[in-house]
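The values are calculated or read from the model by the stated rules, or taken from the named source; none is laboratory data. None of the values given here were measured: they were computed from a predicted structure. Glycine gets a Cβ as well: all are built from the backbone with ideal geometry, and neighbour counts include every protein chain shown.
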Amino acid sequence: MNERGSFERSHERAFSVALLHLNALIESGRDEEAEGDAVRDEMDMHWYRMDERQRERMDYLSVDLEDLAQAKGKPIHVGPIDRKWAEEMRSARDVAGVEGADRILALLRDPRAGRPSGNIAFIQARIFERLGMPEVAFRFFEAAEDRDPTFAIVTLIFVRQQGWMHLAMPRAERLLAGRTQDQTAVFFACSVLLETVRNADPISAQVTFERIRHHMSKCVSAIEQVSPPNADVVELHPVAVVLLGTCLNRLGDAQGAIKVYDRYLEKYRLVAADIFGLRGSAKIGHDPQGANRDFKTAVDLGTSSAWPFLYLAQHELQSGKPLNAIRLCNQALNFLSGIPDVVQSLLLECLAIGMAHIGQPKQWILETFDRAIDLSPENPRLKQNRDIAAGDLNSEMSRLIQQDASCDVKRDTVASNSILKLTDHFATRTSQIYEAAGLRSVA
């Protein structure tokens, strides 16, 4: 999008937020007070900075919000789907971008749509999410959930993805307190609890991990009893196993974590690269050879985590095989995305040491160390190794410090990154499934 388009889009979002605020004031009977006047002034400011299409969209949004307010708490009446309307909807779904979004929204307002229903509110939410108006999207997610409680999962996914933990936490707590039998709901609720551990003190973190362990043990047990596993179970099982295994490991029960991973790997070995990596991480302290085997398997199966590459590369360096170490580092750095800075810096350090061992030009080695230091300036060993490399490498080579990856990176950090990556992927897939089902239901 060009700069002008981005500028106008920001005003559209700001106008929509103010419109939501005004509607809340109207519902509470406070729109004629000073606060209401201030909100209207703000809306006027943004209105004259939007283009004609955006103003029309906001006019229609105002009507949609009024409809939501009037329908709240009333019985849902869904009439038969008009055949011509359904054909128009299918056609609109094939139109890309803003034009397609506006066409779908217009059709959802059509009386032939048989409003109101949870599916329609959900589709409106997804459209406004794509249009860059998450606050508006949330209002429609709430309406969908109000009309059909099964949409509680996608509402939770949405607020978590937005980083709105003040909205995600109470929803997660309600799902867990309600003793839901929907294991997907249990998983996403627990994934929200996991987010709170990042900034928690050790005692609070321990309590949270114990809560997650309690719920996820039941969740994984329920999943393992589904026979034969259906498509939903196949999608949910690996992320549930990762979350439970990580909690067990953090609670000091590495053997329990390994058993959870073992049971999964017996069934799904060929699609379990990341879980091999996590099982290897759990084995480091007491079975380094087993950890090494698991990391090799993870790499061979195409893991998305850089941790197995780093561990194996450092092992190869210590075994006097710098070329293998260089290959592993380059493979991770060139083909994996989203590598945490601290892990990326250690891969670059390992790469630089390997380059030194095979006699690469000093300038290349120092540049590689510099890249590592830029990513992790708080690591004093990187600077120490860089200073050694800047001297006479022929006589100083043995002074280069080759630390174990297990000493550099907290395994809980690595595991948390794996969980977040897998959870985000599963959240996207779950939302897509709900959206496809919602669109089929109205067209």
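Observations on the model:
- Across region 293-318, the number of residues qualifying as without any contact (Cβ under 8 Å) to a residue 40 or more places away in the chain and either in contact with a His (Cβ under 6 Å, 6 or more places away or on another chain) or not polar (S, T, N, Q) (or both) comes to 14.
- Scanning region 286-313 for residues that are surrounded by 24 or more Cβ atoms within 10 Å (Cβ to Cβ), at pLDDT 90 or above and among the polar types (S, T, N, Q) returns no hits.
- Helices (runs of 4 or more DSSP H) (entirely within region 353-412) containing at least 3 residues that are at pLDDT below 60: 405-408
- Of all residue pairs spaced 6 or more apart or on separate chains, none has beta-carbon atoms under 6 Å together with a first member in region 183-207 that is closer than 25 Å to I153 by Cβ and a second member that is of a type in the set (K, R) and surrounded by fewer than 17 Cβ atoms within 10 Å (Cβ to Cβ).
- Filtered residues of region 304-334 (kept if of a type in the set (G, A, S) and either out of contact with any Phe, Trp or Tyr (no Cβ under 8 Å at 6 or more places or on another chain) or assigned by TED's automatic domain parsing to the domain that holds A272 (or both)): S304, S305, A306, A313, S319, G320, A325
- Residues of region 26-51 satisfying the condition of being of a type in the set (D, E, K, R) and in a loop (DSSP other than H, G, I, E, B): R30, D31, E32, E33, R49, D51
- Taken as a whole, the structure places E66 among residues that are within 30 Å of G118 (Cβ to Cβ) and either of a type outside the set (K, R) or in contact with a strand residue (DSSP E or B) (Cβ under 6 Å, 6 or more places away or on another chain) (or both).
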